[in-house]
Amino acid sequence: MDELEARSGLDVRRIVEVLIDTGRRPEEACQLPWDCLDATADDQQVLIYTDSKNNRPNRRLPISAETAELIRGHRENVRQRFPNTPLDRLALFPRDQMNPYGTFHVGVPHMSTSHRAFIDSIADQLLDDAGQPYPAAVIVPYAYRHSYAQRHADHGTPPDVLRDLMGHVSMQTTMGYYRVTEKRVRHAVNQVAQHQFDSQGRRVFADVAGLVAEEHARLRVGQVAVPFGVCTEPSNVKAGGHACPYKYSCIGCGHFRSDASYLPELKSYLQQLLADRERILAATDVQEWARAKAAPGEEEIAQLRGLIRLVEDDLDQLSAADQQRIREAIDVIRSARQTVSLGMPGIALHQDRP
Ligand code: SF4
């Protein structure tokens, strides 16, 4: 961005930053008036713009506090450059030439040309997710609008909300972004599935490879989700995860599968078991038989430790590049998991222990 500013000035830099942050069309960003900020009753920041494609003025877009701050700072800068122009006539991004009062905004052709020169100047630094050269030609100002929509889809913004944010007339246009998300999640699941283990520490790649091809709802998590992995027990799967015949003793169950994307949950469960054990062993107000009954089983703790070690060792054996790929795939999967219902059983494991 410093490079862009040095080449084309602060206004062009700020336009590109607004494009990236808000996903507006290039002409909508270029034509923003000086007074384009508002706040809701609970002090959430809003950008006021004109939907240029559908000719709808005074559209209100929620924006982050950082973006609002960036615009506010820029307004001050513009105000100082044109102190005598009434604010309701000032452009937020005034063009450089033949503009003595700051009332004409930077044109889209000028901004696009400046942006093209900037991108071409850093073309050798552009890489895709796999570290391969990324074509500079496709990075055009309008592409930031697609990135904005894709970020929302990836982070689980509901389609009707995203449609509103984008100002799409057709829902089909909005849904296109979710199909890309689905493709990305499918790819991520495929990658991580190769590192999945059952409760005995056996690799279950073949099973999972088959599962990955199945229907959408099951794709994201394999089969039915349980707190630290997936369950393949047919009657429980059929019941959507609410009919475990073994009281959710997943760590010791042959139908349980887990992988590196569940490591945080596996580790947190281990910590919970260890803390429970300490607490119960330290209790002085229970008899020995009750203590033995309430304390987490040593077998469960050992098996859980073994599973965590196995998953971590499996990852350690990968090359640095493969580890990075798996880490990125895990991020995609965990993000998708937060945004879909996983059908998790409503009872915590430790409460179910006999
Ligand atoms: S114990 Fe866990 S993995 Fe086994 S059947 Fe029940 S929910 Fe499924």
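The values are calculated or read from the model by the stated rules, or taken from the named source; none is laboratory data. Since this is a predicted model, take the numbers as computed values, not measurements. Note: ideal-geometry Cβ built from the backbone for every residue, glycine included; neighbour counts use all protein chains shown. Surface areas here come from the heavy atoms of the whole protein model, side chains and all, with no ligands, DNA or RNA. Shrake-Rupley method; radii C 1.70, N 1.55, O 1.52, S 1.80 Å.
Each row is one residue, and each column tells you yes or no for (1) open to solvent by 10 Å² or more (accessible area, probe 1.4 Å); (2) touching a Ser or Thr at 6+ places or on another chain (Cβ under 8 Å); (3) closer than 24 Å to Leu165 by Cβ.
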{"position": "Ser64", "(1), (2), (3)": "yes, no, yes"}
{"position": "Val78", "(1), (2), (3)": "no, no, no"}
{"position": "Pro86", "(1), (2), (3)": "yes, no, no"}
{"position": "Phe93", "(1), (2), (3)": "no, no, yes"}
{"position": "Gln97", "(1), (2), (3)": "yes, no, no"}
{"position": "Tyr101", "(1), (2), (3)": "yes, yes, no"}
{"position": "Gly107", "(1), (2), (3)": "yes, no, no"}
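For the structure I just gave you, tell me whether Leu318 is under 18 Å from His195 (Cβ atoms), open to solvent by less than 60 Å² (accessible area, probe 1.4 Å) and within 16 Å of the ligand (Cβ to nearest atom). So that I can check it myself, show each step before the final result.
Working: under 18 Å from His195 (Cβ atoms): yes; open to solvent by less than 60 Å² (accessible area, probe 1.4 Å): yes; within 16 Å of the ligand (Cβ to nearest atom): no.
No.
Scan segment 238-245 and give yes if some residue there is open to solvent by less than 20 Å² (accessible area, probe 1.4 Å), within 13 Å of the ligand (Cβ to nearest atom), modelled with pLDDT of 75 or more and over 16 Å from Arg305 (Cα atoms), otherwise no.
yes
Determine whether segment 29-41 contains at least one residue that is at positive phi, open to solvent by 70 Å² or more (accessible area, probe 1.4 Å), out of contact with any Leu (no Cβ under 6 Å at 6 or more places or on another chain) and not polar (S, T, N, Q). Please lay out each step first, then the result.
Taking segment 29-41 as the starting set, the residues that turn out to be at positive phi are none.
No - not one qualifying residue is present in segment 29-41.
It is to be established whether one or more residues within segment 282-293 are within 13 Å of the ligand (Cβ to nearest atom) and either in contact with a Ser or Thr (Cβ under 8 Å, 6 or more places away or on another chain) or farther than 30 Å from Asp128 by Cα (or both).
Initially, segment 282-293 is screened for residues within 13 Å of the ligand (Cβ to nearest atom), giving none.
Looking for residues that are within 13 Å of the ligand (Cβ to nearest atom) and either in contact with a Ser or Thr (Cβ under 8 Å, 6 or more places away or on another chain) or farther than 30 Å from Asp128 by Cα (or both), one finds none in segment 282-293, hence no.
Identify, from the list Tyr134, Tyr177, the residue that is without any contact (Cβ under 8 Å) to a residue 60 or more places away in the chain, touching a Leu at 6+ places or on another chain (Cβ under 6 Å), under 29 Å from Ala260 (Cβ atoms) and not assigned by TED's automatic domain parsing to the domain that holds Ala329. Please lay out each step first, then the result.
Values: Tyr177 fails: touching a Leu at 6+ places or on another chain (Cβ under 6 Å).
Result: Tyr134 is the single residue among Tyr134, Tyr177 that is without any contact (Cβ under 8 Å) to a residue 60 or more places away in the chain, touching a Leu at 6+ places or on another chain (Cβ under 6 Å), under 29 Å from Ala260 (Cβ atoms) and not assigned by TED's automatic domain parsing to the domain that holds Ala329.
Check whether at least one residue in segment 111-129 is of a type in the set (D, E, K, R), assigned to a loop (DSSP other than H, G, I, E, B) and touching a residue at least 60 places away in the same chain (Cβ under 8 Å), and report yes or no.
Quick first cut of segment 111-129, residues of a type in the set (D, E, K, R) only: 116, 120, 124, 128-129.
This time we only want the ones that are assigned to a loop (DSSP other than H, G, I, E, B), so: 128-129.
Cutting the leftovers down to touching a residue at least 60 places away in the same chain (Cβ under 8 Å) gives us 129.
Yes.
Is it the case that segment 267-281 has a residue that's open to solvent by 60 Å² or more (accessible area, probe 1.4 Å), more than 16 Å from the ligand (Cβ to nearest atom) and hydrophobic (A, V, I, L, M, F, W, C)?
For segment 267-281, residues open to solvent by 60 Å² or more (accessible area, probe 1.4 Å), more than 16 Å from the ligand (Cβ to nearest atom) and hydrophobic (A, V, I, L, M, F, W, C): present.
If you go through segment 335-354 one residue at a time, do you hit one that is within 31 Å of the chain's Cα centre (by Cα), at pLDDT 85 or above and more than 16 Å from the ligand (Cβ to nearest atom)?
Taking segment 335-354 as the starting set, the residues that turn out to be within 31 Å of the chain's Cα centre (by Cα) are 335-350.
Retained after the next criterion (residues that are at pLDDT 85 or above): none.
Checking segment 335-354: not a single residue is within 31 Å of the chain's Cα centre (by Cα), at pLDDT 85 or above and more than 16 Å from the ligand (Cβ to nearest atom).
State all residues of segment 254-265 that are part of a loop (DSSP other than H, G, I, E, B) and either modelled with pLDDT of 90 or more or more than 10 Å from the ligand (Cβ to nearest atom) (or both); if no residue qualifies, say none.
Step one: list which residues in segment 254-265 are part of a loop (DSSP other than H, G, I, E, B), which gives 254-255, 259.
Correct list: Asp259 only.
Does segment 296-305 hold any residues that are open to solvent by 20 Å² or more (accessible area, probe 1.4 Å) and among the hydrophobic types (A, V, I, L, M, F, W, C), and which are they? Can you show your working first?
Keep residues of segment 296-305 that are open to solvent by 20 Å² or more (accessible area, probe 1.4 Å), which gives 297-300, 302-303, 305.
The one that is open to solvent by 20 Å² or more (accessible area, probe 1.4 Å) and among the hydrophobic types (A, V, I, L, M, F, W, C): Ala302.
Rundown of residues vs (1) aromatic (Phe, Trp, Tyr); (2) in contact with a Leu (Cβ under 6 Å, 6 or more places away or on another chain); (3) closer than 23 Å to Ala137 by Cβ, yes/no style:
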site: Asn55; (1), (2), (3): no, no, no
site: Phe104; (1), (2), (3): yes, no, no
site: His110; (1), (2), (3): no, no, yes
site: Ser114; (1), (2), (3): no, no, yes
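Out of the residues in segment 185-222 that are within 14 Å of the ligand (Cβ to nearest atom) and modelled with pLDDT of 65 or more, state the one that is most open to solvent (accessible area, probe 1.4 Å).
Gln200
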